[in-house]
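Data block below; observations after.
The values are calculated or read from the model by the stated rules, or taken from the named source; none is laboratory data. These figures come from a predicted structure and were not determined experimentally. Note that we place each Cβ from the backbone using ideal geometry, even for glycine, and neighbour counts take in every protein chain shown.
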Amino acid sequence: NKKAFVELLFWKSPAAVREMTEGYGSLGDGEGVSRSRVPPWTPQEEQELRELYWKYKEVEGEDVVAAILAHLPMPGRTRKQVVKQLVRL
């Protein structure tokens with residue numbers, strides 16, 4: 001890569017350095033930056049999230065997001081992901 005010297009001017013993570021030295025796109029699945037990807041919400045998941053929100057939003061003294069997380073049929077979603085999706089919807 002003839003222009004690699006420009007990239008060396010900025011801080012890099014070990015994964016980015018490996019990708020620079022071995023060629024771009026060389027990182028395998030589940031390694032480095034690609035590991036942090038969040039799976040996209042399907043339309044069915046979004047609909048379920050809407051229904052659970054409308055069901056639990058009026059409950060007094062209860063955390064709405066905690067109630068939604070307890071009743072979500074798809075495991076693996078974090079509180080942050082649910083809140084971000086609710087805001088987006």
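Restrict the check to the range 18-33 and report whether at least one residue is outside any helix (DSSP H, G or I), of a type in the set (Phe, Trp, Tyr) and either surrounded by 10 or more Cβ atoms within 10 Å (Cβ to Cβ) or at pLDDT 80 or above (or both).
No, because not a single residue in the range 18-33 is outside any helix (DSSP H, G or I), of a type in the set (Phe, Trp, Tyr) and either surrounded by 10 or more Cβ atoms within 10 Å (Cβ to Cβ) or at pLDDT 80 or above (or both).
Regarding Arg88, is this residue at pLDDT 75 or above, loosely packed, with under 10 Cβ neighbours inside 10 Å and out of contact with any His (no Cβ under 6 Å at 6 or more places or on another chain)?
Spelling it out, Arg88 is indeed at pLDDT 75 or above, loosely packed, with under 10 Cβ neighbours inside 10 Å and out of contact with any His (no Cβ under 6 Å at 6 or more places or on another chain).
Mind listing just one residue for me: the one in the range 50-75 that is touching a residue at least 24 places away in the same chain (Cβ under 8 Å) and under 20 Å from Val38 (Cα atoms) and, of those, surrounded by the fewest Cβ atoms within 10 Å (Cβ to Cβ)?
Pro73
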